[in-house]
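So the structure is just underneath, and the comments pick up after that.
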Amino acid sequence: MIKLGIERIDDYLHLFKGKRVGLITNPTGIDQHFKSTIDILREKVNLVALFSPEHGVRGNVDAGVQLESYIDDKTGIIVHSLYGDKRRPSDEVMDSIDLICIDIQDIGSRFYTFIYTMAYCMIACKDKNKQFVVFDRPNPINGKDVEGNILDLNYRSFIGYYPIVQRPGMTIAELALLFNKEYGIGCNLSVIPMENYNRDQYFEETGCLWIMPSPNIPTPEIALYFNSTCVFEGTNVAEGRGTTLPFKLIGAPYINADELANKMNDLRLKGIYFRPVHFNPVAFKYKGEMCNGVELYILDRNEFSPVKTGWALLDTIRNLYPNDFTVNPPYTVGRPTMLELNTGCSYIKEKKYTLAEQFDIIEKDTKEFIKIREKYLLY
C-alpha cells in the first residue's frame, strides 16, 4: 500500500514547527480516507493561507478562468489566487508566511499548469528566503516512460516554463528537485516522499483514490490521452472538450471521419487504434455543431507513444484538409501561438519537417532528457 507524502506528515512536523504555513492545493489534496490536506494541516500546523492554482482550491472554476483572492467558506482562511494576473505570491503575502507547501495531483504532462504554479512559488520562496515543501504523489501515467521534444525557451509560457519534454516521467516532487537544481531556482526545498511507490505503475495500479484534478481530466486514462491531443487546443480542431470524452475525441465539421480513421490506422502506430466518430460538443469549440473525427483507443499502454501519436494526427489532418485546417492566432499580438506554446517549438506550426523527421526529433530529445532527469529520481 502506497503511503502518500501527506500521510507521512507526522514524520516531518519538524519542518513546520513555529512556522506560518501557506498551502497550495485543490480537491486532489486528500489522504486515502478522503480527508483533505487543508484539514490535516489545520490540525497539525499553523495554517494561515491557501493558494489557488487554475480551477480553484475547491475545483469549482473552469479552465482559463482567472481568480481574485477570496475567503474560503469552509475554513475562513484567505485564498490567494495564483492563476490570473499574479501567478506568484506578492511580497506582502510572502511577508505573512514562513513556509509554502504543495499537495496536488499532477497528471504527468509538460503543459499542465500546476507544476508551474509550484515553480513560481519556489522562485518567490528563494527571493524572500522562505522554505518550500512538496508532499509527493504518484505520476498517474507512470513514472517510467518518457517522451517528447525539449521545450525551446523562445516558447516559454505558463504551459511550458522549463526545457523538459511533454511526458517527463517524474512525480511532482522529482520535478521540484529538477527545477530547483537543474534550472537554477535554488530555494530552500524539502520533499516528503511517498513510501512503497513503484514508478512503473499506472494510477489504477497504485490503489490510490482518483479525484479529478481539473474538469476535463475525469479519469487517469484521460491524463494519458491528454499528452496526445492537448496539442489541438491551438488549432481549429476540437479536442473533445464539451463532451463526455475530452481529449479522447478529436474532430471538426470539415473532417471526413472514415477518411481520417483509415489514414491514421494505415500509419500502424503502435498500441493505438482510431475509430471514426461524430460528436456534438455542448460547450467550448464548435458548441452545438456536429464534428467528425476519430476516437482514440489505447490497445497497449506499453507500446503507445502519446506525443508521436498527437503529432501524427495533427500532421495527417493538415495534409488531408489544407484549405480548412488552421492554426489559431495568438491571444496577444506579438506572442507565439498556442500551438507553438503547446509543442514548445515553431517547426510544427511552420510544417518544417516530415513526420519521420518529427519522430526523429522526439527520439533524440527524449534520450537527452532521460539523462538529465536521472539525477532527480527518488524511487
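Here, each number is a calculation from the coordinates, and none is a lab measurement. None of the values given here were measured: they were computed from a predicted structure. Glycine gets a Cβ as well: all are built from the backbone with ideal geometry, and neighbour counts include every protein chain shown.
The calculated 222 nm mean residue ellipticity attributable to helices in the chain amounts to -7500 deg cm²/dmol, summing -39500 (n - 2.57) over DSSP H runs of n ≥ 4 and dividing by all residues. The trypsin sites (Lys or Arg not before Pro) of region 279-373 meeting both criteria, a DSSP state outside H, G, I, E and B (loop) and at most 12 other C-beta atoms within 10 angstrom of the site's C-beta, are Lys287, Lys352. Residues Leu82, Leu13, arranged from fewest to most other Cβ atoms within 10 angstrom of their Cβ, appear as Leu13, Leu82. Along the axis of the charge dipole computed for region 220-346 (Cβ charges of +1 for Lys and Arg, -1 for Asp and Glu, origin at the Cα centre), the listed residues Gly251, Thr235, Cys345 are led at the positive end by Cys345. For the peptides 73-80, 322-329, 160-167, the ranking by packing is 160-167, 73-80, 322-329, with the highest mean count of neighbouring Cβ atoms within 10 Å listed first. Close amide H pairs (under 5 Å, H built 1.01 Å from N) link Leu23 with Ala49, Leu50, Phe51, Cys101, residues at least 5 positions away or on another chain.
Taking Cβ atoms as reference points and 12 Å as the exclusive limit, the residues near Ile348 contribute a net charge of -1, counting Lys and Arg as +1 and Asp and Glu as -1. Along region 245-255 the Karplus relation, 6.51 cos²θ - 1.76 cosθ + 1.60 evaluated at θ = phi - 60°, assigns HN-Hα couplings of 10, x, 6, 9, 10, 9, x, 7, x, 7, 7 Hz to successive residues, with x for each Gly and Pro.
For Phe247, the residues 5 or more places off, or on other chains, whose built amide H falls under 5 Å of its own are Gly240, Arg241.
Evaluating 6.51 cos²θ - 1.76 cosθ + 1.60 at θ = phi - 60° for every residue in region 18-28, the Karplus couplings come out as x, 9, 7, 10, x, 10, 8, 7, 7, x, 6 Hz, glycine and proline recorded as x. Share of pairwise Cα-Cα distances greater than 31 Å in the chain is 35 percent (whole percent).
Angle, helix 306-320 long axis vs. longest principal axis of the chain, Cα atoms, 0 to 90°, nearest 10? Taking Cα atoms only, the helix is inclined about 40 degrees. Here's the picture: charge each Lys and Arg Cβ at +1 and each Asp and Glu Cβ at -1 in region 220-346, and of Tyr331, Leu314, Ala283 the one pushed furthest to the positive end of that dipole is Tyr331.
For the chain, a simple Cβ point-charge model (Lys and Arg +1, Asp and Glu -1, everything else neutral) yields a dipole of about 480 debye relative to the Cα centre.
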